[in-house]
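K.L.:
Below is one structure. I have some questions about it.
Nothing in this text is a laboratory measurement; each read-out follows from the coordinates by a stated rule. These figures come from a predicted structure and were not determined experimentally. Virtual Cβ from ideal backbone geometry, glycine too; neighbours counted across all protein chains shown.
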Amino acid sequence: MSNLAGSQMATAILLIAHGSRRAEANAELEWVAARLQERLPGFFVEHAYLEIAEPTIAQGIARCLEHGVSSVILVPYFLSAGRHVREDLESARAQAAHQYPQAKFFLAEALGPHDLLVELMVLRIQEVLKNSPAAIPPVPPETSHAG
């Protein structure tokens, strides 16, 4: 379990993705937000989209504050810290801090690079190899470079 005690229900987690015209893509973020809520029951978890879909970031922040939290952690559902994370989400954080001076707003890092993402990629590759063994040659075993 995570070490997040002490800030329970005083803090909201706003999970933010890019947003898509495809409802299925947006549903993925809702699924992740629901799993986060299960894993972090002492926090209010909401989701929002940078563009195209709703709720917007501003709407997501408003929903968080309606639950009486005093701080909001904006969590990018982005693989890398490109322009959207470094500029757009930081701008949204700064705008929220200006609009709601009674609350604190924090921006978490993007998901990668991280060893857990590498592990996830290995799992995805293994799924393909398992489901399509005739189409893909087997991966050679690791060799020792000791010498």
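K.L.:
Step through the residues of the range 51-56 one at a time and calculate ³J(HN,Hα) from phi using the Karplus curve (6.51 cos²θ - 1.76 cosθ + 1.60, θ = phi - 60°), rounding each to whole Hz and writing x for Gly and Pro.
P.N.:
Rounded to whole hertz, the list is 7, 6, 10, 10, x, 6.
K.L.:
Also: Highest mean first, what order results for 95-103, 115-123, 49-57 on Cβ atoms within 10 Å?
P.N.:
Values: 95-103: 13.2, 115-123: 10.4, 49-57: 16.7.
Top of the packing list down: 49-57, 95-103, 115-123.
K.L.:
I would also like to ask the following. Tell me, what is a quarter of the convex hull surface for the C-alpha atoms of the range 44-101, in nm² with one decimal?
P.N.:
Spelled out: convex hull of the Cα atoms, projected over all directions, averaged, 4.0 nm².
K.L.:
Divide by every residue of the chain the summed helix terms, -39500 (n - 2.57) for each DSSP H run of at least 4, and state the resulting mean residue ellipticity at 222 nm, rounded to the nearest 500 deg cm²/dmol.
P.N.:
On the way: 4 runs with 54 residues, N = 147.
Helices in the chain give a 222 nm mean residue ellipticity of -11500 deg cm²/dmol.
K.L.:
Please compute the length gained on full extension between Q59 and A10, using 0.36 nm multiplied by the number of residues separating them and subtracting their Cα-Cα distance. List each step's numbers first, then the result.
P.N.:
On the way: separation 49, 0.36 × 49 = 17.64 nm, distance 1.86 nm.
Here the segment from Q59 to A10 would lengthen by 15.8 nm.
K.L.:
Which values, in whole Å and largest first, are the semi-axes of the equivalent ellipsoid of the range 11-109 obtained as the square root of 5 times each eigenvalue of the Cα gyration tensor? Intermediate values should be presented prior to the final figure.
P.N.:
On the way: eigenvalues 72, 55, 28 Å².
Rounded to whole Å, the semi-axes are 19, 17, 12.
K.L.:
Could you list which residues have their amide H under 5 Å from that of I13, counting only those 5 or more apart in sequence or on another chain, with H placed in the peptide plane?
P.N.:
F44, V45, E46, I73
K.L.:
Rounded to the nearest 10 degrees, what's the angle between the helix 115-131 long axis and the longest principal axis of the chain, both from Cα atoms, 0 to 90?
P.N.:
It works out to around 50 degrees.
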